[in-house]
Structures are given as C-alpha cells and as structure tokens.
Amino acid sequence: MGAILPRHVAIIMDGNGRWAERRGLARHAGHREGVPVVRMCVEECVRHGIGALTLFAFSSENWGRPEAEVANLMTLFFDALEREVDDLDRNGVRLRVIGDRHALSVRLQGRVADAERRTAGNTRLALQIAVSYGGRWDIVQAARRLAAEVGAGSLRAADIDETRFGGALALGDVPDPDLFIRTGGERRISNFLLWNLAYTELWFTDALWPDFDAAALGAALEDYAGRKRRFGRA
Ligand code: IPE
Ligand code: IPE
Ligand code: MG
C-alpha cells in the first residue's frame with residue numbers, strides 16, 4: 001500500500017444489472033448484491049483513515065428506468081438505511097444523502113433525515129450517498145441558491161467566486177475528491193460530480209460493482225499513490 005492516501009474517494013457503483021443478467025437473474029438481484037460492497041467500502045475507508053467517501057447510488061437520469069426497477073431501488077435504500085445506521089453510527093460515520101431529495105417518497109425522506117440526524121455528530125468518515133443526484137442539478141441548485149441571496153440583498157453578484165460557488169454545491173463542506181473510481185467498465189462521468197471532479201484522479205475498472213472487493217479498492221488506492229498530480233502547474 002502506497003503512503004499517499006486520498007482524503008476523499010468518489011465512486012460510481014456501476015454494473016449491478018449486468019452482474020445479475022449474466023447469471024440469468026433479475027436486475028434487482030444485482031442491486032441487492034451491491035449493498036454489502038457499499039459496507040465493505042465504508043469499512044475500508046474507516047480502516048485506512050480516509051476522511052470522505054461519496055457513492056453514486058441513483059442518478060437524476062435513473063428515474064427514466066422501468067418503474068419496477070426504480071421502486072425496487074428505493075425499497076433497497078430504505079431497508080439498507082434502517083439496517084446499517086447503527087453500525088455507521090458506531091463506526092463514527094456521518095451519513096448524508098446528496099441529491100434532489102424532494103423527488104424521493106416522503107417516507108424515504110423521513111428515513112434519510114433520521115439517519116442524518118443520528119450520525120450528524122460523527123467525524124471519522126464523511127459518507128455521502130448520491131441519490132436522485134446529477135452534477136448539472138447540483139450546479140443549478142447552487143446557482144439558484146446564490147441568486148436568491150443576491151435577490152434578498154445579502155450577497156453581491158460581484159462577490160460570487162469559485163470558493164463561494166463551490167460552497168453552495170452539495171459537497172460544499174467536503175474537499176474535492178482526490179480519487180474517482182468507476183466500476184462496470186464504462187469510461188464516463190455520467191453526470192456525477194461535474195464541478196468537484198475538475199482535478200480528480202480517475203480510475204476505471206471492468207469489475208462489476210457486486211464483484212468489487214477490498215483487493216480491488218486496494219489496487220485503486222495503490223495506483224493513486226503513484227500518481228503525479230500537477231494541478232496545471234509545471
Ligand atoms: C448501477 O448498476 C446501479 C444504478 C445505476 C442504480 P446498473 O443498474 O447501472 O447496472 P448496469 O450498468 O446496467 O450493469
Ligand atoms: C451511473 O450509472 C449512475 C449510478 C451508478 C448511480 P448508469 O448506469 O446510470 O450510467 P450510464 O447510463 O451507463 O451512463
Ligand atoms: Mg449502469
């Protein structure tokens with residue numbers, strides 16, 4: 001294991017559907033199989049001392065999937081929140097859901113708010129789960145929020161700079177991801193953290209999310225440790 005650890009890891013958890021289809025199972029079997037992998041990532045981040053982890057669970061565009069799959073995913077989130085919140089709390093994890101939460105059912109919104117409240121004081125790992133999240137949605141909601149402040153007279157348009165704008169985004173109080181991981185073989189961002197990934201190191205693996213394990217995460221961290229980050233400098 002290299003000595004240089006990312007402070008913040010962001011992951012697109014992709015490939016559940018294909019994992020299931022290859023076994024002749026329904027897609028939801030793949031989504032279910034992905035839940036323990038989330039737990040593994042959280043535990044590994046805590047173990048390594050990585051301070052922040054952001055996981056893409058459901059995109060703005062995923063609402064366009066068949067109704068049954070969407071319903072199944074929402075049930076999975078609801079049940080996983082219920083089941084995992086005690087362990088998260090015990091492990092010092094602060095959980096937050098980022099995304100357009102008003103699109104979620106009132107019942108799920110309540111469960112999310114409860115889990116966030118219960119873990120709000122924890123400081124070991126900042127865990128963000130992106131649900132009904134899109135990078136473009138995030139930028140628009142930040143713009144809208146700042147515009148409202150300008151309208152109310154509490155902010156001058158000329159005072160909006162990158163720091164101010166970044167602060168109004170969903171990850172406003174979390175440092176930008178150092179390492180981005182996407183499982184499932186696709187080499188794209190799929191409307192994840194568009195603003196925050198500006199200088200993030202990217203790592204792609206063909207492993208499908210349910211097959212992603214601690215060794216694969218370790219390989220990504222190892223690779224990251226060997227990267228030379230320049231941030232545009234010479
Ligand atoms: C990721 O797996 C989970 C979500 C997007 C909700 P997919 O469901 O996209 O799986 P593939 O990409 O079809 O295999
Ligand atoms: C990205 O995966 C979103 C999540 C993993 C939550 P998708 O499967 O939705 O992305 P595309 O459609 O392959 O770009
Ligand atoms: Mg996919």
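The values are calculated or read from the model by the stated rules, or taken from the named source; none is laboratory data. In this text the structure is predicted, and so the values were computed from the model without any measurement. Cβ placement follows ideal geometry from the backbone for every residue including glycine, while neighbour counts extend to all protein chains displayed. The area values use the complete protein model at the heavy-atom level, side chains included, leaving out ligands, DNA and RNA. Shrake-Rupley method; radii C 1.70, N 1.55, O 1.52, S 1.80 Å.
From most to least packed by mean Cβ count within 10 Å, the peptides 219-229, 143-153, 127-137, 26-36 give 127-137, 26-36, 219-229, 143-153. The residue list LEU202, ALA29, PHE212 was ranked by how far each Cα lies along the charge dipole of the stretch 8-225 toward its positive end, using unit charges on Cβ atoms, and ALA29 comes out on top.
Sorting the segments 184-190, 89-95 by their mean number of nearby beta carbons within 10 angstrom, highest to lowest, gives 89-95, 184-190.
Within the shell defined by Cβ-Cβ distances under 15 Å, the residues around HIS28 carry a net charge of +1, with Lys and Arg each +1 and Asp and Glu each -1. For LEU193, no residue whose modelled amide H falls within less than 5 Å of its own remains once neighbours fewer than 5 places apart on the same chain are excluded.
In Å², and per residue, what accessible area does the chain have when probed at 1.4 Å with the other protein chains present?
Value for the chain: 50 Å² per residue.
Phi-derived couplings, Karplus 6.51 cos²θ - 1.76 cosθ + 1.60 at θ = phi - 60°, listed residue by residue for the stretch 64-72: x, 6, x, 3, 5, 5, 4, 4, 5 Hz, with x used for Gly and Pro.
Residue-wise HN-Hα couplings along the stretch 213-224, as the Karplus relation 6.51 cos²θ - 1.76 cosθ + 1.60 with θ = phi - 60° gives them from phi, are 10, 4, 5, 5, 5, x, 5, 5, 5, 4, 5, 4 Hz; Gly and Pro carry x. The length gained by stretching the chain between GLU61 and ARG107 to full extension, at 0.36 nm per residue less their Cα-Cα distance, is 14.4 nm. Considering only Cα atoms, the convex hull volume of the stretch 8-225 works out to 128 Å³ per residue. Distance between the modelled labels on ILE4 and ILE189, one decimal in nanometres: 2.2 nm (7 Å Cα→Cβ projection). Take the Kirkwood radius over Cα pairs of the stretch 81-164, plug it into Stokes-Einstein at 37 °C and 0.692 mPa s, and you get 223 µm²/s for translational diffusion. Packing, as the average of other Cβ atoms within 10 Å across residues, places the peptides 14-22, 197-205 in the order 14-22, 197-205, highest first. Semi-axes of the equivalent ellipsoid for the stretch 1-103, computed as √(5λ) from the eigenvalues of its C-alpha gyration tensor and ordered from largest down, come to 26, 16, 14 Å. The ellipsoid that matches the Cα gyration tensor of the stretch 106-230 has semi-axes, each √(5λ) in whole angstrom, of 30, 20, 14, with the longest given first. Over the residues of the chain, the helix contribution to mean residue ellipticity at 222 nm works out to -14500 deg cm²/dmol, using -39500 (n - 2.57) for each DSSP H run of at least 4.
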